[in-house]
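Before any comments, here is the structure.
The values are calculated or read from the model by the stated rules, or taken from the named source; none is laboratory data. Quick caveat, the model's predicted, so the values are computed rather than measured. For neighbour counting, all protein chains shown are included, and Cβ atoms are generated from backbone atoms with ideal geometry for every residue, glycine included. The area values use the complete protein model at the heavy-atom level, side chains included, leaving out ligands, DNA and RNA. Shrake-Rupley method; radii C 1.70, N 1.55, O 1.52, S 1.80 Å.
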Amino acid sequence: MKKYLVWLWQNTRGIRLNMLVRIVAGIGRVAFGLLMVWLCKRFIDVTIRTGTADDILQMIAALVAVISGGIICRQIYYYLGVKASAVQSTAIRLRVFSHLFRRQMFEQKELHSGDVTSRLEKDIDVVSNATTSLMPDITVTLVQLLGAFLFMNMMDARLAWALLLLTPIFLVVGKIFARQLRKMTLDIRRQESIIQMLVQETMEHNAVLRSLESGDWVTGRLDDIQQDLKGKINRRARFTVVSRLIISSSFSFGYIIAFIWGALQLRSGAITFGVMTSFLQLVSQIQNPILQMLNMLPQAIHASASIDRLEELEQMEAEEEQSSGQLISGPLGVSVQDVSFQYADGDREVLSHFSFNFHPGSKTALMGITGAGKTTLFRLLLALIKPNEGTMTVYGRKGKEYISEKTRSNFVFVPQGNTLMSGTIRYNLQLAKPDATDEELHKVLHIAMADFVFELPEGIDTECGERGGGLSEGQAQRIAIARGLLRPGGILLLDEISASLDEQTERELYRRLFEAYPQKTMIFITHRQLVCELCDEKISL
(Lines give C-alpha, C1' and ligand atoms only; values in the text may rest on other atoms or scores of the structure.)
Protein backbone atom coordinates (compact mmCIF):
# COMPACT_ATOMS: atom_id res chain seq x y z
CA MET A 1 0.00 0.00 0.00
CA LYS A 2 2.86 2.37 0.85
CA LYS A 3 4.40 1.76 -2.58
CA TYR A 4 1.18 2.72 -4.37
CA LEU A 5 0.56 5.78 -2.19
CA VAL A 6 4.09 7.02 -2.90
CA TRP A 7 3.54 6.47 -6.63
CA LEU A 8 0.22 8.32 -6.54
CA TRP A 9 1.75 11.23 -4.60
CA GLN A 10 4.70 11.53 -6.98
CA ASN A 11 2.29 11.64 -9.90
CA THR A 12 0.27 14.55 -8.52
CA ARG A 13 2.88 17.12 -9.56
CA GLY A 14 1.10 19.87 -11.44
CA ILE A 15 -2.33 19.21 -9.91
CA ARG A 16 -1.63 19.53 -6.19
CA LEU A 17 -3.14 23.03 -6.00
CA ASN A 18 -6.18 21.68 -7.85
CA MET A 19 -6.44 18.82 -5.33
CA LEU A 20 -6.10 21.24 -2.40
CA VAL A 21 -8.94 23.40 -3.73
CA ARG A 22 -11.03 20.27 -4.27
CA ILE A 23 -10.41 19.14 -0.71
CA VAL A 24 -11.44 22.59 0.56
CA ALA A 25 -14.59 22.45 -1.59
CA GLY A 26 -15.29 18.91 -0.34
CA ILE A 27 -14.85 19.91 3.29
CA GLY A 28 -17.10 22.90 2.59
CA ARG A 29 -19.76 20.48 1.32
CA VAL A 30 -19.38 18.41 4.50
CA ALA A 31 -19.64 21.53 6.63
CA PHE A 32 -22.82 22.60 4.83
CA GLY A 33 -24.21 19.08 5.37
CA LEU A 34 -23.55 19.14 9.11
CA LEU A 35 -24.89 22.68 9.33
CA MET A 36 -28.02 21.42 7.62
CA VAL A 37 -28.42 18.77 10.33
CA TRP A 38 -28.14 21.41 13.06
CA LEU A 39 -30.56 23.80 11.30
CA CYS A 40 -33.12 21.01 10.83
CA LYS A 41 -32.96 20.20 14.54
CA ARG A 42 -33.38 23.85 15.49
CA PHE A 43 -36.13 24.38 12.93
CA ILE A 44 -38.22 21.50 14.37
CA ASP A 45 -37.47 21.97 18.06
CA VAL A 46 -37.38 25.77 18.32
CA THR A 47 -38.48 27.76 15.29
CA ILE A 48 -41.67 25.83 14.50
CA ARG A 49 -42.71 25.70 18.15
CA THR A 50 -41.84 29.17 19.44
CA GLY A 51 -40.62 31.26 16.49
CA THR A 52 -42.45 34.09 14.76
CA ALA A 53 -43.37 34.18 11.09
CA ASP A 54 -40.18 36.17 10.41
CA ASP A 55 -38.14 33.56 12.28
CA ILE A 56 -39.62 30.82 10.10
CA LEU A 57 -38.88 32.77 6.90
CA GLN A 58 -35.33 33.44 8.05
CA MET A 59 -34.83 29.76 8.88
CA ILE A 60 -36.21 28.71 5.48
CA ALA A 61 -33.83 31.20 3.81
CA ALA A 62 -30.95 29.78 5.83
CA LEU A 63 -31.89 26.22 4.80
CA VAL A 64 -32.04 27.25 1.13
CA ALA A 65 -28.66 29.02 1.43
CA VAL A 66 -27.06 25.98 3.06
CA ILE A 67 -28.46 23.65 0.39
CA SER A 68 -27.24 26.02 -2.36
CA GLY A 69 -23.79 26.21 -0.77
CA GLY A 70 -23.56 22.43 -0.71
CA ILE A 71 -24.62 22.20 -4.37
CA ILE A 72 -22.02 24.81 -5.43
CA CYS A 73 -19.24 23.03 -3.50
CA ARG A 74 -20.24 19.71 -5.07
CA GLN A 75 -20.08 21.16 -8.62
CA ILE A 76 -16.71 22.82 -7.98
CA TYR A 77 -15.43 19.48 -6.69
CA TYR A 78 -16.70 17.70 -9.82
CA TYR A 79 -15.38 20.28 -12.32
CA LEU A 80 -11.90 20.40 -10.82
CA GLY A 81 -11.83 16.60 -10.73
CA VAL A 82 -12.56 16.31 -14.48
CA LYS A 83 -9.97 19.01 -15.23
CA ALA A 84 -7.29 17.33 -13.10
CA SER A 85 -7.97 13.93 -14.66
CA ALA A 86 -7.46 15.34 -18.17
CA VAL A 87 -4.19 17.02 -17.15
CA GLN A 88 -2.89 13.95 -15.35
CA SER A 89 -3.72 11.36 -18.00
CA THR A 90 -1.89 13.38 -20.67
CA ALA A 91 1.11 13.95 -18.38
CA ILE A 92 1.49 10.26 -17.44
CA ARG A 93 0.98 9.13 -21.03
CA LEU A 94 3.58 11.60 -22.29
CA ARG A 95 6.13 10.49 -19.68
CA VAL A 96 5.67 6.76 -20.33
CA PHE A 97 5.58 7.31 -24.10
CA SER A 98 8.82 9.30 -23.90
CA HIS A 99 10.49 6.57 -21.86
CA LEU A 100 9.59 3.98 -24.49
CA PHE A 101 11.86 5.88 -26.91
CA ARG A 102 14.77 5.71 -24.47
CA ARG A 103 14.54 2.05 -23.49
CA GLN A 104 17.24 -0.41 -24.43
CA MET A 105 16.16 -2.46 -27.42
CA PHE A 106 16.76 -6.13 -28.21
CA GLU A 107 18.46 -6.73 -24.84
CA GLN A 108 15.38 -7.44 -22.74
CA LYS A 109 11.93 -8.94 -23.10
CA GLU A 110 10.10 -7.09 -25.85
CA LEU A 111 6.47 -6.31 -25.08
CA HIS A 112 3.91 -6.66 -27.85
CA SER A 113 2.92 -3.31 -29.35
CA GLY A 114 -0.75 -4.15 -28.76
CA ASP A 115 -0.05 -4.75 -25.08
CA VAL A 116 1.84 -1.43 -24.85
CA THR A 117 -1.08 0.34 -26.56
CA SER A 118 -3.51 -1.16 -24.06
CA ARG A 119 -1.38 0.08 -21.17
CA LEU A 120 -1.05 3.56 -22.65
CA GLU A 121 -4.82 3.80 -23.00
CA LYS A 122 -6.82 1.84 -20.44
CA ASP A 123 -4.26 1.57 -17.63
CA ILE A 124 -3.36 5.27 -17.81
CA ASP A 125 -7.05 6.25 -17.70
CA VAL A 126 -7.57 4.05 -14.62
CA VAL A 127 -4.46 5.41 -12.89
CA SER A 128 -5.17 9.07 -13.70
CA ASN A 129 -8.70 8.76 -12.30
CA ALA A 130 -7.30 7.20 -9.14
CA THR A 131 -4.52 9.80 -8.86
CA THR A 132 -6.89 12.74 -9.16
CA SER A 133 -9.84 11.39 -7.17
CA LEU A 134 -8.73 8.90 -4.52
CA MET A 135 -6.69 11.27 -2.33
CA PRO A 136 -9.29 14.10 -2.24
CA ASP A 137 -12.15 11.61 -1.89
CA ILE A 138 -10.49 9.79 1.03
CA THR A 139 -9.61 13.07 2.78
CA VAL A 140 -13.12 14.52 2.43
CA THR A 141 -14.73 11.21 3.43
CA LEU A 142 -12.62 10.98 6.60
CA VAL A 143 -13.53 14.58 7.50
CA GLN A 144 -17.20 13.77 6.97
CA LEU A 145 -16.92 10.62 9.11
CA LEU A 146 -15.13 12.47 11.92
CA GLY A 147 -17.53 15.44 11.85
CA ALA A 148 -20.65 13.25 11.88
CA PHE A 149 -19.20 11.06 14.64
CA LEU A 150 -18.39 14.05 16.89
CA PHE A 151 -21.82 15.53 16.27
CA MET A 152 -23.54 12.23 17.11
CA ASN A 153 -21.27 11.73 20.09
CA MET A 154 -22.75 14.88 21.59
CA MET A 155 -26.23 13.42 21.19
CA ASP A 156 -25.67 9.79 22.14
CA ALA A 157 -22.13 8.58 22.75
CA ARG A 158 -23.10 4.89 23.07
CA LEU A 159 -24.67 4.63 19.61
CA ALA A 160 -21.91 6.69 18.00
CA TRP A 161 -19.21 4.35 19.30
CA ALA A 162 -21.29 1.26 18.49
CA LEU A 163 -21.53 2.37 14.85
CA LEU A 164 -17.84 3.27 14.67
CA LEU A 165 -16.67 0.01 16.24
CA LEU A 166 -18.25 -1.89 13.35
CA THR A 167 -15.54 -0.40 11.10
CA PRO A 168 -12.72 -2.91 11.93
CA ILE A 169 -15.02 -5.76 10.92
CA PHE A 170 -15.54 -4.17 7.54
CA LEU A 171 -11.81 -3.49 7.14
CA VAL A 172 -11.07 -7.21 7.63
CA VAL A 173 -13.75 -8.12 5.09
CA GLY A 174 -12.36 -5.43 2.80
CA LYS A 175 -8.84 -6.85 2.94
CA ILE A 176 -10.04 -10.31 1.89
CA PHE A 177 -12.15 -8.70 -0.79
CA ALA A 178 -9.16 -6.64 -2.05
CA ARG A 179 -6.84 -9.61 -2.46
CA GLN A 180 -9.30 -11.54 -4.62
CA LEU A 181 -10.38 -8.47 -6.59
CA ARG A 182 -6.79 -7.54 -7.47
CA LYS A 183 -6.08 -11.01 -8.84
CA MET A 184 -9.24 -10.91 -10.96
CA THR A 185 -8.40 -7.41 -12.25
CA LEU A 186 -4.89 -8.42 -13.34
CA ASP A 187 -6.37 -11.40 -15.25
CA ILE A 188 -8.85 -9.09 -16.97
CA ARG A 189 -6.11 -6.57 -17.90
CA ARG A 190 -3.99 -9.33 -19.43
CA GLN A 191 -6.96 -10.62 -21.42
CA GLU A 192 -7.72 -7.10 -22.69
CA SER A 193 -4.11 -6.80 -23.86
CA ILE A 194 -4.39 -10.12 -25.75
CA ILE A 195 -7.49 -8.79 -27.55
CA GLN A 196 -5.67 -5.55 -28.39
CA MET A 197 -2.74 -7.54 -29.80
CA LEU A 198 -4.99 -9.72 -31.97
CA VAL A 199 -7.02 -6.80 -33.34
CA GLN A 200 -3.92 -4.72 -34.07
CA GLU A 201 -2.06 -7.51 -35.87
CA THR A 202 -5.18 -8.54 -37.79
CA MET A 203 -5.67 -5.00 -39.13
CA GLU A 204 -1.97 -4.69 -39.97
CA HIS A 205 -1.92 -7.96 -41.91
CA ASN A 206 -5.46 -7.81 -43.25
CA ALA A 207 -4.48 -8.43 -46.87
CA VAL A 208 -2.39 -11.48 -45.95
CA LEU A 209 -5.21 -12.98 -43.88
CA ARG A 210 -7.66 -12.45 -46.73
CA SER A 211 -5.32 -14.17 -49.16
CA LEU A 212 -5.13 -17.10 -46.74
CA GLU A 213 -8.95 -17.03 -46.42
CA SER A 214 -8.53 -17.24 -42.65
CA GLY A 215 -10.80 -14.31 -41.78
CA ASP A 216 -13.56 -16.49 -40.31
CA TRP A 217 -11.07 -18.53 -38.28
CA VAL A 218 -9.39 -15.42 -36.83
CA THR A 219 -12.81 -13.88 -36.11
CA GLY A 220 -13.81 -17.06 -34.29
CA ARG A 221 -10.63 -16.92 -32.26
CA LEU A 222 -11.37 -13.31 -31.28
CA ASP A 223 -14.86 -14.39 -30.23
CA ASP A 224 -13.42 -17.17 -28.03
CA ILE A 225 -11.02 -14.76 -26.33
CA GLN A 226 -13.78 -12.19 -25.83
CA GLN A 227 -16.10 -14.82 -24.36
CA ASP A 228 -13.32 -15.73 -21.93
CA LEU A 229 -12.92 -12.04 -21.03
CA LYS A 230 -16.68 -11.66 -20.59
CA GLY A 231 -16.67 -14.64 -18.22
CA LYS A 232 -13.86 -13.11 -16.13
CA ILE A 233 -15.64 -9.74 -15.99
CA ASN A 234 -18.87 -11.45 -14.94
CA ARG A 235 -17.06 -13.43 -12.22
CA ARG A 236 -15.54 -10.22 -10.88
CA ALA A 237 -18.91 -8.48 -11.01
CA ARG A 238 -20.61 -11.33 -9.12
CA PHE A 239 -17.86 -11.35 -6.50
CA THR A 240 -18.12 -7.55 -6.09
CA VAL A 241 -21.93 -7.67 -5.86
CA VAL A 242 -21.93 -10.42 -3.21
CA SER A 243 -19.26 -8.60 -1.17
CA ARG A 244 -21.10 -5.30 -1.36
CA LEU A 245 -24.39 -7.03 -0.58
CA ILE A 246 -22.96 -8.43 2.67
CA ILE A 247 -21.51 -5.08 3.68
CA SER A 248 -24.57 -3.05 2.62
CA SER A 249 -26.89 -5.44 4.49
CA SER A 250 -24.83 -5.00 7.63
CA PHE A 251 -25.08 -1.22 7.34
CA SER A 252 -28.81 -1.40 6.65
CA PHE A 253 -29.34 -3.41 9.82
CA GLY A 254 -27.21 -0.85 11.62
CA TYR A 255 -29.52 1.90 10.36
CA ILE A 256 -32.61 -0.02 11.53
CA ILE A 257 -31.03 -0.49 14.96
CA ALA A 258 -30.31 3.25 15.13
CA PHE A 259 -33.87 4.03 14.04
CA ILE A 260 -35.38 1.72 16.69
CA TRP A 261 -33.01 3.13 19.33
CA GLY A 262 -34.07 6.68 18.46
CA ALA A 263 -37.78 5.79 18.44
CA LEU A 264 -37.50 4.25 21.92
CA GLN A 265 -35.63 7.32 23.17
CA LEU A 266 -38.32 9.52 21.64
CA ARG A 267 -41.10 7.49 23.28
CA SER A 268 -39.48 7.78 26.70
CA GLY A 269 -39.11 11.54 26.24
CA ALA A 270 -35.32 11.37 26.36
CA ILE A 271 -35.01 13.18 23.00
CA THR A 272 -37.11 15.59 20.92
CA PHE A 273 -38.41 15.19 17.36
CA GLY A 274 -35.64 17.55 16.17
CA VAL A 275 -33.00 15.40 17.82
CA MET A 276 -34.57 12.30 16.26
CA THR A 277 -34.44 13.87 12.79
CA SER A 278 -30.83 14.97 13.25
CA PHE A 279 -29.95 11.61 14.74
CA LEU A 280 -31.14 9.69 11.66
CA GLN A 281 -29.35 12.13 9.34
CA LEU A 282 -26.11 11.65 11.29
CA VAL A 283 -26.42 7.86 11.17
CA SER A 284 -26.51 8.21 7.41
CA GLN A 285 -23.55 10.59 7.48
CA ILE A 286 -21.49 8.05 9.42
CA GLN A 287 -22.51 5.03 7.36
CA ASN A 288 -22.22 6.70 3.96
CA PRO A 289 -18.52 7.65 4.34
CA ILE A 290 -17.67 4.09 5.41
CA LEU A 291 -19.62 2.72 2.45
CA GLN A 292 -17.93 5.23 0.14
CA MET A 293 -14.50 4.14 1.37
CA LEU A 294 -15.41 0.51 0.75
CA ASN A 295 -16.67 1.46 -2.71
CA MET A 296 -13.33 3.19 -3.33
CA LEU A 297 -11.59 -0.11 -2.68
CA PRO A 298 -12.31 -1.61 -6.14
CA GLN A 299 -11.06 1.62 -7.75
CA ALA A 300 -7.88 1.45 -5.66
CA ILE A 301 -7.39 -2.22 -6.55
CA HIS A 302 -7.87 -1.55 -10.26
CA ALA A 303 -5.40 1.35 -9.99
CA SER A 304 -2.77 -0.78 -8.20
CA ALA A 305 -2.92 -3.36 -10.99
CA SER A 306 -2.56 -0.63 -13.61
CA ILE A 307 0.32 1.00 -11.70
CA ASP A 308 2.20 -2.31 -11.78
CA ARG A 309 1.70 -2.57 -15.54
CA LEU A 310 2.87 1.00 -16.16
CA GLU A 311 5.85 0.59 -13.85
CA GLU A 312 6.92 -2.43 -15.90
CA LEU A 313 7.24 -0.05 -18.86
CA GLU A 314 9.03 2.67 -16.92
CA GLN A 315 11.46 0.28 -15.26
CA MET A 316 12.81 -0.98 -18.56
CA GLU A 317 16.52 -0.25 -18.77
CA ALA A 318 17.02 3.09 -20.51
CA GLU A 319 19.68 4.32 -22.87
CA GLU A 320 22.09 7.06 -21.90
CA GLU A 321 20.66 10.56 -22.24
CA GLN A 322 20.99 11.96 -25.76
CA SER A 323 20.79 15.61 -24.77
CA SER A 324 23.97 16.48 -26.69
CA GLY A 325 24.55 14.35 -29.77
CA GLN A 326 28.15 14.36 -31.04
CA LEU A 327 27.82 15.35 -34.69
CA ILE A 328 31.27 15.07 -36.29
CA SER A 329 32.01 17.23 -39.33
CA GLY A 330 33.77 16.18 -42.51
CA PRO A 331 34.02 12.77 -44.22
CA LEU A 332 33.60 9.98 -41.67
CA GLY A 333 34.71 6.39 -41.42
CA VAL A 334 33.78 3.53 -39.11
CA SER A 335 36.25 1.16 -37.50
CA VAL A 336 34.94 -2.16 -36.18
CA GLN A 337 37.56 -4.13 -34.25
CA ASP A 338 37.11 -7.72 -33.07
CA VAL A 339 33.38 -7.31 -32.36
CA SER A 340 31.30 -10.21 -31.10
CA PHE A 341 27.60 -10.12 -30.26
CA GLN A 342 24.94 -12.55 -29.05
CA TYR A 343 21.33 -11.64 -28.25
CA ALA A 344 20.24 -12.25 -24.67
CA ASP A 345 17.73 -14.90 -25.75
CA GLY A 346 19.87 -16.24 -28.61
CA ASP A 347 21.56 -19.62 -28.80
CA ARG A 348 24.65 -18.53 -30.75
CA GLU A 349 26.88 -15.56 -31.55
CA VAL A 350 25.48 -13.59 -34.46
CA LEU A 351 28.82 -11.86 -35.00
CA SER A 352 32.08 -13.45 -33.88
CA HIS A 353 35.32 -11.40 -33.77
CA PHE A 354 34.28 -9.30 -36.77
CA SER A 355 36.67 -6.54 -37.90
CA PHE A 356 36.45 -4.11 -40.78
CA ASN A 357 37.38 -0.51 -41.58
CA PHE A 358 34.76 1.42 -43.57
CA HIS A 359 36.93 4.21 -44.97
CA PRO A 360 35.58 7.79 -45.25
CA GLY A 361 33.63 8.22 -48.47
CA SER A 362 33.68 4.48 -49.28
CA LYS A 363 30.72 2.58 -50.70
CA THR A 364 30.43 -0.95 -49.28
CA ALA A 365 28.02 -3.78 -50.13
CA LEU A 366 27.16 -6.01 -47.15
CA MET A 367 25.98 -9.46 -48.20
CA GLY A 368 25.17 -12.75 -46.51
CA ILE A 369 22.45 -15.29 -45.85
CA THR A 370 19.55 -14.55 -43.52
CA GLY A 371 20.76 -14.53 -39.92
CA ALA A 372 24.39 -13.86 -40.85
CA GLY A 373 24.44 -10.62 -38.84
CA LYS A 374 23.85 -7.85 -41.40
CA THR A 375 20.96 -6.19 -39.54
CA THR A 376 22.72 -6.81 -36.22
CA LEU A 377 25.77 -4.88 -37.49
CA PHE A 378 23.53 -1.91 -38.34
CA ARG A 379 21.97 -2.06 -34.87
CA LEU A 380 25.44 -2.04 -33.32
CA LEU A 381 26.49 0.97 -35.40
CA LEU A 382 23.32 2.81 -34.34
CA ALA A 383 24.03 1.87 -30.68
CA LEU A 384 20.62 0.21 -30.39
CA ILE A 385 22.59 -2.72 -28.96
CA LYS A 386 26.11 -2.97 -27.55
CA PRO A 387 28.79 -5.52 -28.45
CA ASN A 388 29.70 -8.25 -25.99
CA GLU A 389 33.32 -7.84 -27.05
CA GLY A 390 35.36 -5.52 -29.23
CA THR A 391 35.25 -1.80 -30.04
CA MET A 392 33.58 0.40 -32.65
CA THR A 393 34.53 3.99 -33.43
CA VAL A 394 33.46 6.76 -35.75
CA TYR A 395 36.46 8.73 -36.98
CA GLY A 396 37.25 11.73 -39.14
CA ARG A 397 39.89 14.37 -39.62
CA LYS A 398 39.20 15.78 -36.14
CA GLY A 399 39.62 12.58 -34.18
CA LYS A 400 37.40 9.68 -33.25
CA GLU A 401 34.52 8.82 -30.93
CA TYR A 402 33.50 5.45 -29.55
CA ILE A 403 30.08 4.50 -30.82
CA SER A 404 27.31 5.20 -28.31
CA GLU A 405 23.86 6.74 -28.22
CA LYS A 406 25.53 10.16 -28.61
CA THR A 407 27.15 9.27 -31.94
CA ARG A 408 23.84 8.13 -33.46
CA SER A 409 23.35 11.53 -35.11
CA ASN A 410 26.27 10.73 -37.44
CA PHE A 411 24.34 7.90 -39.08
CA VAL A 412 21.53 7.96 -41.62
CA PHE A 413 19.45 4.79 -41.46
CA VAL A 414 16.97 3.74 -44.13
CA PRO A 415 15.36 0.41 -43.15
CA GLN A 416 14.02 -2.25 -45.45
CA GLY A 417 10.37 -2.22 -46.51
CA ASN A 418 7.51 0.19 -46.02
CA THR A 419 8.06 2.26 -42.87
CA LEU A 420 5.76 5.22 -43.55
CA MET A 421 3.25 6.37 -40.96
CA SER A 422 -0.29 7.68 -41.41
CA GLY A 423 -0.27 11.40 -42.17
CA THR A 424 0.92 13.61 -45.00
CA ILE A 425 4.07 12.97 -47.02
CA ARG A 426 5.40 16.22 -45.52
CA TYR A 427 4.83 14.84 -41.98
CA ASN A 428 6.67 11.62 -42.84
CA LEU A 429 9.64 13.61 -44.12
CA GLN A 430 9.61 15.98 -41.14
CA LEU A 431 10.09 13.02 -38.80
CA ALA A 432 13.76 13.22 -39.84
CA LYS A 433 14.01 17.03 -39.73
CA PRO A 434 10.98 18.92 -38.34
CA ASP A 435 12.26 22.33 -39.51
CA ALA A 436 13.12 21.24 -43.07
CA THR A 437 12.35 23.84 -45.73
CA ASP A 438 10.35 23.10 -48.89
CA GLU A 439 13.57 23.47 -50.86
CA GLU A 440 15.26 20.77 -48.76
CA LEU A 441 12.23 18.48 -49.10
CA HIS A 442 12.17 18.89 -52.88
CA LYS A 443 15.90 18.20 -53.11
CA VAL A 444 15.85 14.88 -51.22
CA LEU A 445 12.68 13.73 -53.00
CA HIS A 446 14.43 14.28 -56.32
CA ILE A 447 17.58 12.41 -55.23
CA ALA A 448 15.42 9.51 -53.98
CA MET A 449 13.61 9.22 -57.33
CA ALA A 450 10.38 10.36 -55.66
CA ASP A 451 9.54 13.18 -58.13
CA PHE A 452 6.10 11.55 -58.55
CA VAL A 453 5.10 13.31 -55.30
CA PHE A 454 4.97 16.66 -57.14
CA GLU A 455 2.41 15.23 -59.59
CA LEU A 456 -0.04 14.15 -56.85
CA PRO A 457 -3.17 16.36 -56.47
CA GLU A 458 -2.06 17.62 -53.05
CA GLY A 459 1.64 17.31 -53.78
CA ILE A 460 3.82 17.00 -50.71
CA ASP A 461 0.75 17.48 -48.50
CA THR A 462 -0.95 14.35 -49.84
CA GLU A 463 -2.36 12.20 -47.03
CA CYS A 464 -1.09 8.63 -46.63
CA GLY A 465 -2.86 5.85 -44.80
CA GLU A 466 -1.30 3.45 -42.31
CA ARG A 467 2.02 2.06 -43.63
CA GLY A 468 1.83 4.40 -46.61
CA GLY A 469 -1.66 3.36 -47.68
CA GLY A 470 -2.47 4.77 -51.13
CA LEU A 471 1.12 4.42 -52.36
CA SER A 472 2.83 1.48 -54.01
CA GLU A 473 5.63 -0.33 -52.17
CA GLY A 474 8.21 1.27 -54.47
CA GLN A 475 6.78 4.76 -53.93
CA ALA A 476 6.69 4.32 -50.16
CA GLN A 477 10.28 3.05 -50.18
CA ARG A 478 11.54 6.06 -52.16
CA ILE A 479 9.83 8.49 -49.76
CA ALA A 480 11.48 6.62 -46.87
CA ILE A 481 14.87 7.07 -48.61
CA ALA A 482 14.18 10.81 -48.99
CA ARG A 483 13.29 10.99 -45.31
CA GLY A 484 16.61 9.41 -44.35
CA LEU A 485 18.55 11.80 -46.56
CA LEU A 486 17.28 14.75 -44.52
CA ARG A 487 19.42 13.55 -41.63
CA PRO A 488 22.78 15.33 -41.26
CA GLY A 489 24.95 12.26 -40.61
CA GLY A 490 27.94 11.43 -42.78
CA ILE A 491 27.43 7.64 -42.77
CA LEU A 492 24.48 6.09 -44.60
CA LEU A 493 23.17 2.68 -43.52
CA LEU A 494 20.90 1.50 -46.34
CA ASP A 495 19.00 -1.78 -45.96
CA GLU A 496 17.73 -3.24 -49.26
CA ILE A 497 16.56 0.22 -50.33
CA SER A 498 16.03 -0.77 -53.97
CA ALA A 499 14.31 -4.12 -53.38
CA SER A 500 10.97 -2.78 -54.67
CA LEU A 501 12.41 -0.93 -57.68
CA ASP A 502 12.86 -2.01 -61.29
CA GLU A 503 16.43 -2.13 -62.64
CA GLN A 504 16.25 1.16 -64.57
CA THR A 505 14.88 3.12 -61.59
CA GLU A 506 17.36 1.38 -59.30
CA ARG A 507 20.33 2.37 -61.47
CA GLU A 508 19.20 6.00 -61.67
CA LEU A 509 18.63 6.11 -57.89
CA TYR A 510 22.21 5.08 -57.17
CA ARG A 511 23.56 7.49 -59.76
CA ARG A 512 21.79 10.40 -58.09
CA LEU A 513 22.75 9.17 -54.62
CA PHE A 514 26.46 8.85 -55.39
CA GLU A 515 26.51 12.13 -57.29
CA ALA A 516 24.77 14.08 -54.50
CA TYR A 517 26.86 12.64 -51.65
CA PRO A 518 30.29 11.66 -52.98
CA GLN A 519 32.00 12.24 -49.61
CA LYS A 520 29.52 10.30 -47.50
CA THR A 521 30.30 6.77 -46.41
CA MET A 522 27.61 4.32 -47.51
CA ILE A 523 27.01 0.75 -46.32
CA PHE A 524 24.39 -1.24 -48.23
CA ILE A 525 22.69 -4.43 -47.08
CA THR A 526 21.82 -5.96 -50.42
CA HIS A 527 21.32 -9.09 -52.48
CA ARG A 528 21.34 -7.16 -55.76
CA GLN A 529 24.24 -7.68 -58.18
CA LEU A 530 23.94 -4.12 -59.50
CA VAL A 531 24.64 -2.63 -56.06
CA CYS A 532 27.73 -4.83 -55.64
CA GLU A 533 29.05 -3.65 -59.01
CA LEU A 534 28.61 0.01 -58.05
CA CYS A 535 30.31 -0.31 -54.64
CA ASP A 536 34.02 0.01 -53.88
CA GLU A 537 34.08 -3.01 -51.59
CA LYS A 538 31.99 -6.05 -50.81
CA ILE A 539 31.72 -7.91 -47.49
CA SER A 540 30.18 -11.37 -47.30
CA LEU A 541 29.17 -12.38 -43.77
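At a glance:
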| item | result |
| --- | --- |
| Whole-number Å³ per residue for the convex hull built on Cα positions in the chain | 218 Å³ |
| Nearest-ten-degree value, helix 438-447 long axis tilted from longest Cα axis of the chain | 50 degrees |
| Separation of the Gln430 and Ala263 label points, Cα + 7 Å toward Cβ, nm | 7.3 nm |
| Förster radius 41 Å - calculated FRET efficiency between Asn388 and Leu17 (Cβ-Cβ, nearest 0.05) | 0.20 |
| Exposure rank, largest accessible area first [Met392, Met184; 1.4 Å] | Met184, Met392 |
| Per-residue SASA entry for Met316, accessible area with 1.4 Å probe, Å² rounded to 10 | 20 Å² |
| Prolate/oblate/rounded call for segment 2-145, Cα gyration tensor, a/c under 1.5 rounded | prolate |
| Selection from Met392, Ile491, Leu313, by position along the positive dipole direction of the chain (Cβ) | Leu313 |
| Stretchable slack from Asn357 to Ile369, in nm (0.36 nm times residue separation minus alpha-carbon distance) | 2.2 nm |
| Cβ-derived FRET efficiency at R0 22 Å, Ile195 paired with Val241, nearest 0.05 | 0.35 |
| DSSP loop GluC sites (Glu not before Pro) with at most 13 other Cβ within 10 Å excluded, longest remaining stretch of the chain | 322-457 |
| Geometric extent, Cα atoms of segment 401-486 - Rg, Dmax (angstrom) | 13.2, 47 |
| Whole-percent pair-distance distribution, where bins are 5 Å wide, for the alpha carbons of segment 1-63 | 4, 15, 14, 12, 10, 9, 7, 7, 7, 7, 5, 2 |
| 0 to 90° range, to nearest 10: angle between helix 473-485 axis and the chain longest Cα axis | 90 degrees |
| Among Pro434, Leu471, Gly417 the positive-end extreme of the charge dipole of segment 415-520 (Cβ point charges) | Pro434 |
| Positive dipole terminus of segment 1-74, leading residue within Val37, Trp7, Leu20 (C-beta point charges) | Trp7 |
| The chain: angle of helix 124-155 to the longest principal axis, Cα-based, in degrees nearest 10 | 10 degrees |
| Estimated dipole of the chain in Debye, rounded to 20 [Cβ of Lys and Arg +1, of Asp and Glu -1, Cα centre] | 2680 debye |
| Gyration tensor verdict on segment 501-541 (Cα atoms; rounded if a/c is under 1.5, prolate if a/b is larger than b/c, oblate otherwise) | oblate |
| Calculated FRET efficiency for the pair Arg102/Thr52, C-beta based, R₀ 51 Å, to 0.05 | 0.10 |
| Reference-scaled alpha-carbon Rg (2.2 N^0.38 Å with N residues) for segment 338-418 | 1.12 |
| Lysines whose Cα lies under 22 Å from that of Lys538, excluding same-chain neighbours fewer than 8 positions away | Lys363, Lys374, Lys520 |
| DSSP beta bridges in the chain [antiparallel fraction, %, rounded to 5] | 50 percent |
| Net charge over other residues, Cβ less than 12 angstrom from the Cβ of Thr424 (K, R count +1; D, E count -1) | -2 |
